[in-house]
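Trainee: Next up is a structure, given as structure tokens.
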Amino acid sequence: MLCLKFKFMKFIKIISVLLFIPFTLLLKMISPIIKVRWAKEYFGDRIGHLVAEMEHYLFLTKKKSLFIIDIFPKTIFFNSDPSNKFLQTHYRRRIVTINDKIVILLQRSQKVLEDIFKTSLFENLDFLLSTKDNHKIYTKNFKPTISFTGDEIKKIRESLHKIGIRKNQKFICLIVRDNLYLKRRMNFDTSYHDYRDCNIDNFKTAVNYLLKKNYFVLRMGKLQKNKMQLKNKNFLDYAFSNYKSDILDVWLMANCEFCISTGTGFDQISRIFNRPVLYLNQIPLIDWSSYSKSFTHPKFLFKKKVGKVSKIEDYLKFSFHRKLDYKKKNLNVIDLSKGEILDCVKEFLKILANNWNLSKSKRKKQKKFNKEFTKYLNHFHPKVDFHKKIHKHALISDNFLNSLKI
């Protein structure tokens with residue numbers, strides 16, 4: 001019975017797409033006069049995609065013709081449980097949305113037509129939606145569209161006072177990835193991403209060091225597994241606090257002195273506001289944030305019976321996005337130790353104090369890494385296009401560089 005029902009539903013979907021083809025063709029025919037564009041695939045509701053892709057899109061279409069109509073799936077911008085309500089409301093005011101089913105029919109009918117004609121027929125939105133700054137918009141007088149009203153700022157200041165952040169006190173946002181958020185939010189098995197998770201306790205030594213430097217540290221997150229067991233008037237495990245709000249989430253990440261992240265979508269807010277990001281345990285190396293003001297130390301790779309991977313060539317060859325792929329290659333993904341995290345924080349603070357200026361020897365080492373990275377990227381991942389121009393302030397930790405044979 002279930003099998004028959006499944007076949008019937010599949011048949012209905014096929015018929016729906018076929019019936020929709022004339023409408024899609026009509027859009028193609030009128031495109032010289034009025035162009036309607038959509039994405040070939042949905043872009044996600046997850047906060048990193050929402051922020052980065054929408055900011056790229058809105059910047060690149062500031063002077064868009066009135067005769068170009070861009071449409072987005074409605075559910076992302078009109079649902080009761082978004083990744084961030086403040087951002088959802090902000091962006092839906094600036095775009096055109098339609099029923100998700102229509103977007104799906106456009107996507108599927110487009111695919112059928114392009115399979116028939118063996119060529120691309122439509123101009124889609126995908127090239128305007130980037131989480132990696134493919135268009136280098138941050139070198140083009142970019143300013144985020146996100147802003148806060150006077151009343152919102154007043155409420156935010158009241159919250160900061162309650163939290164204990166003093167006026168003009170520098171604060172740092174720490175976001176450490178675990179699997180709880182995706183597990184709760186997604187309706188599919190997300191365990192293939194578990195190699196990216198980190199233990200919050202490994203960051204405690206570094207946080208204590210920052211507290212001694214008179215920074216206020218907030219451990220961020222919407223859904224986190226474990227609290228950071230640390231008591232200090234200048235520390236707040238915000239992820240488990242009663243002060244949390246979607247608007248405060250955004251304001252804190254946008255105004256922090258810098259962000260420490262293990263590589264999650266949430267850090268995109270800091271990036272678009274040009275806040276420096278210290279990436280610790282971010283992996284795979286192919287996802288290095290070479291396009292922004294950042295300092296990175298990835299997790300280590302250990303090959304069974306061989307030991308620590310020490311070639312940049314191998315880090316790029318083994319740049320996988322699924323846990324099982326590492327297992328197939330007999331690779332263990334190893335987190336940085338407490339001491340290594342502390343050393344990275346100290347190195348990063350020195351770089352900030354020196355206004356990103358490096359000694360000649362360290363700059364030479366960075367340039368050598370960039371050259372090797374680009375060479376092996378082109379060899380193993382020739383279609384990856386967001387590392388074409390490496391940001392002058394995208395740096396790799398000395399500790400990681402010293403572990404490589406370059």
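Trainee: Identify, among Thr190, Thr149, Leu211, the residue whose Cα sits farthest towards the positive end of the charge dipole of the chain, taking +1 on the Cβ of Lys and Arg and -1 on the Cβ of Asp and Glu, with the dipole about the Cα centre.
Mentor: The one lying farthest along the dipole's positive direction is Leu211.
Trainee: Which entries in the list Lys85/Lys162; Lys13/Lys64; Lys304/Lys375; Lys170/Lys227 go over 29 Å, if you measure between the two C-alpha atoms of each?
Mentor: Lys13/Lys64
Trainee: Roll a 1.4 Å probe over the protein heavy atoms and report the accessible area of His387 in Å², nearest 10.
Mentor: 10
Trainee: Sum -39500 (n - 2.57) across every DSSP H segment of at least 4 residues in the chain, then divide by the residue count to get the 222 nm mean residue ellipticity, nearest 500.
Mentor: Calculated mean residue ellipticity at 222 nm is -13000 deg cm²/dmol.
Trainee: While we're looking at this one, here's another question. To the nearest 20 debye, what charge dipole does the chain have about its Cα centre, counting +1 at the Cβ of each Lys and Arg and -1 at the Cβ of each Asp and Glu?
Mentor: Its charge dipole is roughly 880 debye.
Trainee: Kyte-Doolittle mean at least 0.5 and Cα extent at least 24 Å along the axis: which DSSP H helices of the chain qualify?
Mentor: 2-29
Trainee: Ok, one more. Given axes a ≥ b ≥ c from the Cα gyration tensor, I'd like to know whether the chain is rounded (a/c under 1.5), prolate (a/b larger than b/c) or oblate.
Mentor: Verdict is prolate for the chain.
Trainee: OK, next. Just to verify a number: what accessible area does Lys308 come out at with the full protein assembly present, 1.4 Å probe, Å² rounded to tens?
Mentor: Around 90 Å² of this residue is reachable by solvent.
Trainee: When ligands, DNA and RNA are left out and all protein chains stay put, how many square angstrom of accessible area per residue does the chain have with a 1.4 Å probe?
Mentor: That works out to 54 Å² for each residue.
Trainee: Given R₀ = 25 Å, FRET efficiency for Lys328-Val384 by Cβ-Cβ distance, to 0.05?
Mentor: After rounding, the FRET efficiency stands at 0.75.
Trainee: Can you give the accessible area of Asp385 in Å² (nearest 10), computed on protein heavy atoms with a 1.4 Å probe?
Mentor: Its accessible surface works out to 70 Å², give or take rounding.
Trainee: Same structure again: Dipole magnitude of the stretch 329-406 about its Cα centre, charges +1 at Lys/Arg Cβ and -1 at Asp/Glu Cβ only, in debye to the nearest 20?
Mentor: The calculation lands at about 520 debye.
Trainee: Got a sec? What order do Arg92, Arg37, Arg157 fall in by accessible area at 1.4 Å, biggest, i.e. largest, first?
Mentor: Arg157, Arg92, Arg37
Trainee: Dipole of the stretch 111-236, Cα-centred, from +1 at each Lys and Arg C-beta and -1 at each Asp and Glu C-beta, to the nearest 20 debye?
Mentor: My answer is approximately 1080 debye.
Trainee: Using only Cα atoms, locate the centre of the stretch 236-275 and the centre of the stretch 106-169, then give the distance between them in Å, rounded to an integer.
Mentor: Using only Cα atoms, the two centres lie 16 Å from each other.
Trainee: Spin-label point model (7 Å from Cα, Cβ direction): what's the Lys231 to Asn255 distance in nm?
Mentor: Those two pseudo-labels are separated by 3.0 nm.
Trainee: Next question. For the chain, modelled as a Gaussian network with Cα springs under 10 Å, which listed residue fluctuates most, Met29, Met220, Met253?
Mentor: Result for the chain, Cα springs under 10 Å: Met29 fluctuates most.
Trainee: Cut-off under 12 Å on the C-alpha distance; same-chain residues fewer than 8 positions from Lys35 excluded. Which aspartates and glutamates are left, in chain and number order?
Mentor: Asp70, Glu123
Trainee: Of His135, His90, which has the most accessible area and how do the rest follow, probe 1.4 Å?
Mentor: From most accessible down to least: His135, His90.
Trainee: Need one number: % antiparallel among DSSP beta bridges in the chain, to the nearest 5.
Mentor: Bridges in the chain that DSSP calls antiparallel: roughly 20 percent.
Trainee: For the chain, which whole percent of the accessible surface, found with a 1.4 angstrom probe, sits on carbon and sulfur atoms?
Mentor: Its accessible area is 54 percent carbon and sulfur atoms.
Trainee: Please give the contour-minus-distance gain from Leu60 to Phe78: 0.36 nm per residue of separation, less the Cα-Cα distance, rounded to one decimal in nm.
Mentor: 4.1 nm
Trainee: Go through the stretch 148-227 and name the chymotrypsin sites (Phe, Trp or Tyr not before Pro) that are in a DSSP coil and have 13 or fewer other Cβ atoms within 10 Å of their Cβ.
Mentor: Of the chymotrypsin sites (Phe, Trp or Tyr not before Pro), the ones in loops of the stretch 148-227 whose Cβ has at most 13 other Cβ atoms within 10 Å are Phe188.
Trainee: Along the Cα→Cβ direction, 7 angstrom out, place labels at Phe302 and Asp398. What is the inter-label distance in nm?
Mentor: Rounded to a tenth, the inter-label distance reads 2.6 nm.
The values are calculated or read from the model by the stated rules, or taken from the named source; none is laboratory data. Bear in mind the structure is a predicted one, so any value in this text is a computation, not a measurement. Glycine gets a Cβ as well: all are built from the backbone with ideal geometry, and neighbour counts include every protein chain shown. Ligands, DNA and RNA are stripped out before the accessible areas are found, and what is left, the full protein with its side chains, is counted by its heavy atoms. Shrake-Rupley method; radii C 1.70, N 1.55, O 1.52, S 1.80 Å.
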